[in-house]
Amino acid sequence: MPRIETLAARAGSAPDPSSGALSPPIQLATTFEHSPDGRLPQGFLYQRYDNPTQQDTERALAVLDGAARALLFPTGMAAGATALQALPPGSHVLLCDDSYFSFRTLAVEQFRRWGLTCTIVDFTDLDAVRAALRPETALLWAETPSNPLLKVSDIAALADIAHAAGARLLVDGTFASPVLQQPLALGADIVLHSATKYLGGHGDVMGGVLCFADDGEHAAACHRLRLLAGSTASPFAAWMILRGVRTLPARMAWHCRNAMQVARFLAGHQRVEKVHYPGLESHPQHAVAARQMRDFGGMLSVEVAGGGAAALAVAGRLRLFTNATSLGSTESLVEHRASIEGPLSTTPGGLLRLSVGLEHADDLVADLEQALAG
Ligand code: PLP
């Protein structure tokens, strides 16, 4: 099997049979001709059901994650919501305590309407995970590394716990991408990525993907729900994601290199109380991260001495790190998460989340140095 660099660089690049083009075409058609006997010659009926460009991208993403099947969605949230709504009514979900804030909000605001119950638990504490299981637990929802505290949970151990309880394990691997972490190979059943982040990679497309270890009942239920509820990615977005994927391993290597340099600088700075980066030996789950990740990613969080006001002041003085939400693009971003997460936030007030981009690491360090000195 070729390595992930080779698979990604050539994703979708098989010559197009109609033209010989090496870049895949975008098929924007909403409808497809039936044959005289009423069959669908190419298997396509209507863009919302399935469409050729979406399928090209899904095939590429399935290969990168070692999945039997991938399903593409218009956003990461749509992908996650579909995985949840496709569970049998009455299901109980264990959600890790530092999962992306909107998933926790979804649990609080929407789960009851969907017939789901939820327990939020620290997934770095495996005894707590075991203790929270119920007979009706159908899904363990891990996010590793997590947003924004970069907590790392042990995928193989969680998969064993889930399977022993008759449940599935979903891993939100958005921060790692398939280049740095392969949850399905470690026993997870589903991987979720917000393709808006590293997969797209340029801050100009939204998407989400579910990659399934087995093309069984849950994958079929998610596909059916996507088709009926209309959560189909646009062909243009699918094409942009496929384009992004071709440079994913190269970008991830640079993101990781830059983030490590930034993390080491911040860890030694007197105005910094804590750096959350799994690549630092001081990170509480560094050993797990080193075991299950190929490298440690481009995301880190830093707690600035002096709390919320000091953190906001530092963010305001940064010039190269743009103060904006989201992550995984070429440009470095900084965000004061507590400000935007609102009253349910559990993020420390002094925390700034950094998405370390593809600039030169020395320039990024110099920018942080001047902002912390101010
Ligand atoms: N998962 C993680 C870890 C995220 O950070 C995000 C968004 O920031 C999402 C999922 C949701 O993705 P999207 O914004 O594409 O809906």
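The values are calculated or read from the model by the stated rules, or taken from the named source; none is laboratory data. Just so it is clear, the structure is predicted and the values come from calculations on it, not from any experiment. For neighbour counting, all protein chains shown are included, and Cβ atoms are generated from backbone atoms with ideal geometry for every residue, glycine included. Just so you know, the surface numbers come from the protein's heavy atoms only, side chains and all, with ligands and any DNA or RNA stripped out. Shrake-Rupley method; radii C 1.70, N 1.55, O 1.52, S 1.80 Å.
Within region 1-22, take every residue that is without any contact (Cβ under 8 Å) to a residue 24 or more places away in the chain and of a type in the set (Ser, Thr, Tyr) and give me the one that is nearest to residue 58 (Cα to Cα).
Among residues in region 1-22 that are without any contact (Cβ under 8 Å) to a residue 24 or more places away in the chain and of a type in the set (Ser, Thr, Tyr), the one nearest to residue 58 (Cα to Cα) is 6.
Across region 148-166, which residue is farthest from the ligand (Cβ to nearest atom) among those that are open to solvent by less than 10 Å² (accessible area, probe 1.4 Å) and in contact with a helix residue (DSSP H, G or I) (Cβ under 8 Å, 6 or more places away or on another chain)?
Within region 148-166, the match that is farthest from the ligand (Cβ to nearest atom) is 159.
Collect the residues in region 30-62 that are among the basic types (Lys, Arg) and over 29 Å from the mean Cα position of the chain (by Cα), keeping them in residue-number order.
The answer is 39, and nothing else.
What residue, among those in region 109-145 that are aliphatic (A, V, I, L, M), touching a residue at least 12 places away in the same chain (Cβ under 8 Å) and assigned to a helix (DSSP H, G or I), is surrounded by the most Cβ atoms within 10 Å (Cβ to Cβ)?
129
Go through region 4-39 and give me each residue that's open to solvent by less than 40 Å² (accessible area, probe 1.4 Å) and either farther than 23 Å from residue 243 by Cβ or of a type in the set (Phe, Trp, Tyr) (or both).
32, 35
Can you tell me which of 253, 221 is of a type outside the set (Asp, Glu) and either within 22 Å of residue 63 (Cβ to Cβ) or not assigned by TED's automatic domain parsing to the domain that holds residue 193 (or both)?
Being of a type outside the set (Asp, Glu) and either within 22 Å of residue 63 (Cβ to Cβ) or not assigned by TED's automatic domain parsing to the domain that holds residue 193 (or both) holds for just one of 253, 221, which is 253.
Out of region 40-88, which residues are more than 25 Å from residue 4 (Cα to Cα), within 16 Å of the ligand (Cβ to nearest atom) and open to solvent by less than 50 Å² (accessible area, probe 1.4 Å)?
78, 81, 82, 83, 84
Out of curiosity, is residue 330 under 18 Å from residue 143 (Cβ atoms) and open to solvent by 20 Å² or more (accessible area, probe 1.4 Å)?
Spelling it out, it is not the case that residue 330 is under 18 Å from residue 143 (Cβ atoms) and open to solvent by 20 Å² or more (accessible area, probe 1.4 Å).
Kindly indicate the residue of region 333-352 that is closer than 19 Å to residue 103 by Cβ and assigned to a loop (DSSP other than H, G, I, E, B) and also least open to solvent (accessible area, probe 1.4 Å) among those meeting that condition.
347
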